[in-house]
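Dropping a structure here in structure tokens format, bear with me for questions.
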Amino acid sequence: VPGRNVIVGLGAIADDDRTDEDSKLDACRKPGEVLAFFKVAPGQRIGELFAGTGYTTELLARTLGENGKLWAQNTKEILDKFAREPLTKRLARPGLKNTTMGEQPAETPFPPHVKDLDAVICVLNYHDYVWQKVDRAKLNAAVLAVLKPGGIYGVVDHSAAKGSGLRDVETLHRVDEEVVKQEITAAGFKLDGESDVLRNPA
């Protein structure tokens, strides 16, 4: 991974106007390493799936800079349930003018004008699509359609026991990583890399 991605990621993390609540999550989420692995860099165009209240959104936006563009997607249900107010408040912060809050169904996560993205990132939420009964084949096809050739579909999630399939998606909020790989490659993606930076044997 080019060193510049690591430097940029760490720069966004070190910004002194981030909230204490966000900064406390850094130790376990290791955003510098994760953003570097996904080759996030200034000036890119990125889509974020299931942005929630925006912890990753803010780091992506700060890393992309004023010449980049970020679309932070949530469904209406997620926004209404818990995310609309905190994400709206977050997007008013300095450095996030490059970000658009999207209210889109999971299966069609980005509006038609969003295309040729450098990456689509989904952090800690792919398993939720299972118990929420999202048509993941349609979702993954939609992600493929908005990416430019060679674009990255980056997924971080909690790994369930090998061979457990979809058993633990709602109870433990974990998913068998082999299932995720199979579903995404079935949409036409090629597995290009994996990282153990977040793996915890315990």
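The values are calculated or read from the model by the stated rules, or taken from the named source; none is laboratory data. What you are looking at is a predicted structure, and each value in this text was computed from that prediction instead of being measured. Glycine gets a Cβ as well: all are built from the backbone with ideal geometry, and neighbour counts include every protein chain shown. The protein model used for the area step is the full one, side chains on, heavy atoms only, and it has no ligands, DNA or RNA in it. Shrake-Rupley method; radii C 1.70, N 1.55, O 1.52, S 1.80 Å.
Can you find, among P86, V179, A145, the residue sitting farthest towards the positive end of the charge dipole of the chain, where Lys and Arg contribute +1 and Asp and Glu -1 at Cβ?
It is A145, whose Cα lies furthest towards the positive end.
Given labels modelled 7 Å from the Cα in the Cβ direction, how far is it in nm from K39 to T108?
3.1 nm
May I ask you to list the trypsin sites (Lys or Arg not before Pro) in segment 117-202 that are in a DSSP loop and have at most 16 other Cβ atoms within 10 Å of their Cβ?
Qualifying residues, ordered by number: K133, K162, R167, K190, R199.
A follow-up question, please. F50 accessible area, nearest 10 Å², 1.4 Å probe?
For F50, solvent-accessible area is about 20 Å².
A further question follows. Once both labels are modelled 7 Å past Cα along the beta-carbon direction, what's the E66-C28 spacing in nm?
Result for the modelled spin labels: 3.7 nm.
How much accessible area does H173 have with a 1.4 Å probe, in Å² rounded to the nearest 10?
Rounded to the nearest 10, the figure is 70 Å².
Computed FRET efficiency, Cβ-Cβ of K76 and L144, R0 22 Å: what is it to the nearest 0.05?
Plugging the Cβ-Cβ distance into 1/(1 + (r/R0)^6) gives 0.40.
Counting only the heavy atoms of the protein chains, how much of R18 is accessible to a 1.4 Å probe, in Å² to the nearest 10?
Per-residue accessible area (R18): approximately 20 Å².
How would you order 81-87, 155-161, 31-37 from highest to lowest mean count of nearby Cβ atoms within 10 Å?
In decreasing order of mean packing, 81-87, 155-161, 31-37 become 31-37, 155-161, 81-87.
Can you give the helix-only mean residue ellipticity at 222 nm for the chain, where every DSSP H stretch with n ≥ 4 adds -39500 (n - 2.57) and the sum goes over all residues, rounded to the nearest 500 deg cm²/dmol?
Helix-only estimate at 222 nm: -10500 deg cm²/dmol.
Could you sort out which of K69/K133; K97/K133; K39/K162; K76/K190; K97/K148 sit more than 26 Å apart by Cα distance in this structure?
Among K69/K133; K97/K133; K39/K162; K76/K190; K97/K148, the Cα-Cα distance tops 26 Å for K69/K133; K97/K133; K39/K162; K76/K190.
Name the GluC sites (Glu not before Pro) in segment 102-202 that are in a loop by DSSP and that have at most 14 other C-beta atoms within 10 Å, would you?
E170, E194
May I ask you to list the residues of segment 65-102 whose amide nitrogen lies under 16 Å from a point 7 Å from Cα along the Cα→beta-carbon direction of S195?
none
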